[in-house]
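Have a look at the structure below, then the notes.
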Amino acid sequence: MSNVPQLIRDVTIAESGRFEAARNQVIVRPYPFPYRAALAVSNDLDSSSPEAFEAWHAYVNGRKPTPNGDGLGLEVADSFWIWSGTGNTTLALHYQFPDEETFVDSPISGRIVELAKLGWFDTLHSLGNWRRDVRLTEPSDLSAGKPKASEYATASRHEVLYAFDKLDRLGIKPEVYVNHSGSPSNVGGPWGFYQKADVKDHPLYCMDLMKNAGIKYHWIDAATDTEKFGNDLSYSDNESLAVALARFPWAPFLRRRVQDKVVPVELPSDPRLARQMLLNIFNSSLFTLPAQDGQLFYAFKRYRGAYQPTASTFPIQVTSAELDELERQRGCVIVYQHFGVFSHLGRSPLIGRRMRRRTASPVFDQHAVACWEDIAERWRSNRLFVAATGRLLNYLWLRRALIMQTEKLPEKWVVTLMNFQCPVLGNRPVTASDLNGFSLLVPAEAPDVVVILNGASQPLKVTRDIDPVHPDHHAVYLAWSALEWPQK
Ligand SMILES: [Zn+2]
């Protein structure tokens, strides 16, 4: 246990994120009925040609024959950029840098808008590429013969204002924001060093603008699992939890870079909060963290695995054995990918990087097709919930933020959905659009269960079924409605 932080060495399964259906209570089911585990793929668009993008989505999301086989009809969304930089023909609204005088809409921008409005582009992969590498912006770089001040990246809040105004005018509202290698518009949180979006006195500071624009969830570089497949795993006993804690690669989470030095990451001074932060890092898909400006934001974890996450490594990243274990432990995984990139297996990282190239149709080889078919089979057999990253996170958020009241009368229980209370996104009423797949667990012996939105005159049209995952419980639910891919 030596590598496990002292603060959590005595943790038990009750605190570890293990889900238990309550004895005599109504609670929100971990995932929509009837699924036992959940998966999303969070794909960074880097290098994705518009052709490769259409090819792999037609196979994964569509329902028609494709070169990879018949479409699987899965809900797997994608990410986009505002700016890709000059000549970078990928999934961006502009093939230009943010400091250009005027912007031209890229040839793919219409398609991005069309799909974003339908929910298929739910993620901004940062705002995109700036002309120069932002990692050359530290004043300390001015010494030691590094680039002159005039060569440093300039990035400003005006550019961010343009970006969100553009999205607003286009009528698209991504809710997820994931950092992109070296972008100044990245968020750093407790591990921040080159990331500028959450640095209050930096010219690019824009955490407030992102929140106003409707960004709810951030993936930051540090929130990456390299070994542990999935979070919110229910450990069966304290021994298996202790093994998992000892196997967890703690070191990258416990340090941060400050210019050329590596220092311990700052944990909350209150030991209870510090303990909770460590537990979240270990086994939460979605949790709050302080940004570099001190404000709380929602971070989520992505699973990378040991290799660079590309179309080539996907089948060794998401294996049947990992998925079996995820189902057994009723966990949730958000897979980190770059389906626009082909990389060679088994090469050293240095050579491997040089040999990377764009994927072309058909994007997936036989190994990756088998991997997708396995995922689709688990979805079709009602075991694995597969949803767009933002929609999966919305469900996980609802579990944390929803306030309910249950009135237990002899002939029926009346569950009122009061409101949402959230330390990050604030308090607000519950609306019908929040309730896709909304599922409650009730004790099997409970009488009729009526579910009502606070203030509504009619109850929700819920269904009640024996729960296949949680013994002695029934599910009271609204069916999940998946996105439909617009066939070309
Ligand atoms: Zn990227």
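The values are calculated or read from the model by the stated rules, or taken from the named source; none is laboratory data. Keep in mind that this is a model prediction, so the values were computed, not measured. Cβ atoms come from the backbone with ideal geometry, glycine included; neighbour counts cover every protein chain shown.
Quick notes on this structure:
- Some residue of the stretch 63-70 being away from the ligand (no atom under 16 Å from the Cβ), on the phi > 0 side of the Ramachandran plot, surrounded by fewer than 18 Cβ atoms within 10 Å (Cβ to Cβ) and modelled with pLDDT of 95 or more: yes
- Selection within the stretch 405-424 - among the aliphatic types (A, V, I, L, M) and in a loop (DSSP other than H, G, I, E, B): 409, 424
- The residue pairs whose first member lies in the stretch 33-61 and is under 25 Å from residue 218 (Cα atoms) and without any contact (Cβ under 8 Å) to a residue 24 or more places away in the chain, whose second member is part of a loop (DSSP other than H, G, I, E, B) and more than 16 Å from the ligand (Cβ to nearest atom), and whose beta carbons are closer than 6 Å, counting only pairs six or more residues apart or on different chains, do not exist in this structure.
- Residues of the stretch 173-224 satisfying the condition of being outside any loop (DSSP other than H, G, I, E, B), within 16 Å of the ligand (Cβ to nearest atom) and among the polar types (S, T, N, Q): 224
- Test: residue in the stretch 11-28 that is modelled with pLDDT of 95 or more, under 24 Å from residue 388 (Cα atoms) and either away from the ligand (no atom under 16 Å from the Cβ) or touching a helix residue (DSSP H, G or I) at 6+ places or on another chain (Cβ under 9 Å) (or both): yes
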